[in-house]
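K.L.:
Before I ask anything, here is the structure I am working with.
A short reminder: the numbers here are calculations on the coordinates, not readings from a lab. Since we're looking at a predicted model, the values are computed, not measured. Here the Cβ positions follow ideal geometry from the backbone for every residue, glycine too, while neighbour counts run over all protein chains shown.
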Amino acid sequence: MGVNSLYKTLWRKLTASLVFAVTLFFFTPQVLWAQGAAAPKGDATAGKTLFQNNCASCHTPLTKLIGPPLQGAEGKVPGGMDEVYKWVHNSSAVLASGNKYFNDLYNEYGKVNMTHFPQLSDKDIDDIFAYVDNFVAPGSAPTASGAPSGQAAPGSSSNSLVFGILTLVLAILVLILVQVNSNLRKLANDKEGVENPKPIPFYRRKRNIFMLVIILFFIGGYLLVDGATTIGYSKNYQPRQPIFFSHKVHAGINQINCLYCHAGAEKSRYAMIPSPNICMNCHRVIDHYTGPAIHDDGGKLVDGTAQIQKLYEYVGWNDQTKKYDKPGHPIEWVQIHNLPDFVYFNHSQHVKVGQIQCQTCHGPIATENEVYQYATLGMGWCINCHRTTKVQFTSNGYYTIFTKYEKELKMHQIDSVTVEMQGGTDCNKCHY
Amino acid sequence: MKNLYQMKRINIIVILFVTAGSLLLLSACHTRKYHEPKDIYMPDMEYSRAYDAYTENPVFADNQTSRLPVSGTVQRGAMLPYHIPESDSGYAYSGTVANPLHVDDSILKEGKRLFDIYCAICHGEKLDGDGPLYKGGSGPFIAAPANFIAGPTSTLPEGTIFYVATYGLRNMGSYASQVNQHQRWMIVSYIKSVERSKGISTPEKEDSTLHSLETAYLSTLKGGAATGGMGSK
């Protein structure tokens, strides 16, 4: 009895102290941290708006941009917040006064003058630092969220496995039924005293051979016609590229218009493989990948940040100094779509005049991580489209020359004009 | 052996099913993607023998077939090259350049289309500096893009916006390779028309300020800062 109660008190004390310790462990650092961070005693919510309107073009809380990261930056300034206020209000004056700390910083960041902000009050600057110092990077660890989209790629292969197993089961079932059927017939024949025919192996039965010949005839015919009509077609060609550039990430998730990079599509014969300066419009700032996990068509995880680093290597961009101070070399992209030399094709004619969507010929690009050739690019494919596509006849200055059709449209003799009616299937339209 | 007409119905069904099944399987193979180029029947017709836009070219030192326009030449129908080189004094002076376009509705419509393609991705379709890449600071592009309808950028003169689109500024790159001069002026016209519709006016600089800006700009030109600025942009 005595031992039991002693045990109970001990247990109670132990639990209580444990709870206390755990509480201390979990709450103390946060309280301490919050106190330490709130040193400039500003209003972080007001600071956020001020920061985004005034500072965020050149500074971020955590990473180098045009200027240094701002988290804790005010603590490094000798002279404290008063010097910071002076600097923000008129940076040139501080530099001219010979302040060593700011002059060193100025030289370190490529001698870029900081804009003067005389309109920001000391309180505003406190608010900004209150926001910046409490800033936590949203969704760190970019590769951690690999699970959700990772299931997509193996899903399709397991589907075909299920179908394969089903087919096999059905085939075995058919075999068993056939066997049962023949056995039953044999038994029935025996009972009725009918003589069983001499068993012939199935591959020597004339009926089976005949059926096989017919089947092979059809398959052979299909293969012959298909092979002969698609000579030189490269549909589904999906070469490996030097940089794993995902159209899904750029055109899909981030909604960048096709023409942003392929600006030539409405100006020239070529859609334009974007020159790397266009990549660097965004990637001088975006130096790591934070979106959902990327998989190649084999289901393998692709490291987005490594691809951006590859781009930096090609263009000679130094991510530390934020300058092009390394030797660069051209990116040798592998051409996917190739038309023979004897066919003329012009992108601007289709995109600008014809108002054809990119996806009509290139497929659902904005959903693809790896691009492949979507259309056959065969002549039949071209001609089919030219026969059925109705041109925007009335609202298009290019077609005023076709006065006959204009008249007929007005008289309601025809309701639309196709590409073919304008000579879009003439040989010399594309072959010259 | 019985002929085809006397064949049992079951046999015809079997033939049909097996043929259809194998053709389905064969056509399924056709959708499989492949990574190495196919064997081409006539390679010298399939692949151009002539140098094409992106083919390597042994004639030029940089191995590229695509060339820049010859320096000092102007394309037919194109605007004269932008004369201000990239420099601090050039930036300050750029505001004095007036928009050469006679702005009408068709220009504003095209300007909006171009803005939505090339600029809105960062500056936002509402011109508020909050495009899909920035998303109020939660997007992948962490630097805040300029806001055209409030703050200091909203009162920039047209010429300066054109200058920035041409050469880039801070975290923004040059857009000269994507939109040509005529298109850039159309975009600038559109931005200004939206600003005007929101009651934002661009302050005119006084003549004396203009004069001092011009003197400062011209003095840097004599110093040789302008070399190579012409032609390519």
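K.L.:
Using the Karplus curve 6.51 cos²θ - 1.76 cosθ + 1.60 with θ = phi - 60°, what ³J(HN,Hα) values do you get for each residue of segment B:16-26, in whole Hz, with x for Gly and Pro?
P.N.:
Karplus values, whole Hz, x for Gly and Pro: 4, 5, 5, 4, 4, x, 6, 5, 4, 4, 5.
K.L.:
Could I ask something else about it? Given that compact globular proteins tend to follow 2.2 N^0.38 Å, what is the ratio of the alpha-carbon Rg of the protein assembly as shown to that value? Display every interim value, and only then the final one.
P.N.:
Details: Rg = 35.4 Å, N = 665, 2.2 N^0.38 = 26.0 Å.
In units of the globular-protein estimate, the protein assembly as shown measures up at 1.36.
K.L.:
Three principal axis extents, largest first, for the C-alpha atoms of segment A:386-432, in Å?
P.N.:
35, 20, 16 Å, listed from the longest principal axis down.
K.L.:
Apply the Karplus parameterisation 6.51 cos²θ - 1.76 cosθ + 1.60, with θ equal to phi minus 60°, to every residue of segment A:242-252 and state each ³J(HN,Hα) to the nearest whole Hz, in sequence, with x for glycine and proline.
P.N.:
x, 10, 6, 8, 9, 5, 4, 5, 7, 7, x
K.L.:
Return the lysines within reach of A:Lys191: Cα separation strictly under 16 angstrom, same-chain partners fewer than 8 residues apart disregarded; answer none if there are no such residues.
P.N.:
none
K.L.:
Below 8 Å between Cα atoms, with a sequence gap of 6+, how large is the relative contact order for chain A in percent? Display every interim value, and only then the final one.
P.N.:
On the way: 407 pairs, mean separation 62.3, N = 432.
Reported as a whole number, the value is 14 percent.
K.L.:
In percent, what relative contact order does segment A:44-138 have, based on Cα pairs under 8 Å that are 6 or more apart in sequence? It would help to have the intermediate numbers written out before the result.
P.N.:
Working: 103 pairs, mean separation 42.5, N = 95.
About 45 percent, as a whole number.
K.L.:
Would you mind getting me the FRET efficiency between A:Asn396 and B:Asn63? Use the beta-carbon distance for r and R0 = 41 Å, nearest 0.05.
P.N.:
Working: r = 40 Å, r/R0 = 0.99.
So the FRET efficiency works out to roughly 0.50.
K.L.:
Lysine pairs, Cα distance under 25 Å, 8 or more residues apart or cross-chain: how many in segment B:1-136?
P.N.:
Working: B:Lys109/B:Lys126; B:Lys112/B:Lys126; B:Lys112/B:Lys135; B:Lys126/B:Lys135.
Lysine pair count for segment B:1-136: 4.
K.L.:
Nearest 0.05, what FRET efficiency do A:Ile231 and B:Thr31 give at R0 = 30 Å with Cβ-Cβ as r? Present the calculation step by step, with values, prior to reporting the outcome.
P.N.:
Working: r = 19 Å, r/R0 = 0.62.
Given R0 = 30 Å and the Cβ-Cβ separation, E is 0.95.
K.L.:
Show that you can apply the helix-only estimate: for chain A, add -39,500 (n - 2.57) for every DSSP H stretch of four or more residues, divide by all residues, and state [θ] at 222 nm to the nearest 500. Let's see the in-between values first.
P.N.:
Working: 17 runs with 203 residues, N = 432.
It comes out at -14500 deg cm²/dmol, rounded to the nearest 500.
K.L.:
Please state, rounded to one decimal and in Å, the Kirkwood hydrodynamic radius that segment A:230-377 gives when every pair of distinct Cα atoms enters the mean of 1/r.
P.N.:
On the way: mean 1/r = 0.0595 Å⁻¹.
The Cα-based Kirkwood calculation yields 16.8 Å.
K.L.:
With a cut-off of 8 Å between alpha carbons and a minimum separation of six or more residues, what is the relative contact order of segment A:386-432 in percent?
P.N.:
Details: 37 pairs, mean separation 23.4, N = 47.
Value for segment A:386-432: 50 percent.
K.L.:
Out of residues 5 or more away from A:Thr418 or on other chains, whose amide H comes under 5 Å of its own, with H placed 1.01 Å from N in the peptide plane?
P.N.:
Here the answer is A:Val391, since their amide H atoms fall under 5 Å of that of A:Thr418.
K.L.:
Averaged across the residues of B:113-125, what count of C-beta atoms belonging to other chains lies within 10 Å of each residue's C-beta? Walk me through the intermediate numbers first.
P.N.:
Details: counts 1, 2, 0, 1, 7, 6, 1, 3, 7, 3, 0, 0, 0.
So the per-residue partner count for this stretch is 2.
K.L.:
For helix B:105-114, report the angle its Cα long axis makes with the longest principal axis of the Cα atoms of chain B; keep it between 0 and 90° and round to the nearest 10°.
P.N.:
Here the helix axis deviates by roughly 60 degrees.
K.L.:
Now a separate question. Give, in nm to one decimal, the length gained when the segment between A:Ala46 and A:Gln359 is fully stretched (0.36 nm per residue of separation minus the Cα-Cα distance). Could you put the intermediate results ahead of the total?
P.N.:
Working: separation 313, 0.36 × 313 = 112.68 nm, distance 4.48 nm.
That works out to 108.2 nm of additional length.
K.L.:
Mind listing the Cα extents of segment A:44-138 along all three principal axes, in Å, largest one first?
P.N.:
Here the spans come out as 36, 25, 21 Å, largest first.
K.L.:
Right, another one. ³J(HN,Hα) across segment A:319-335 via Karplus (A = 6.51, B = -1.76, C = 1.60, θ = phi - 60°), whole Hz, x for Gly/Pro?
P.N.:
Result, rounded to whole Hz: 5, 7, 8, 6, 9, 8, 10, 10, x, x, 8, x, 7, 8, 5, 8, 5.
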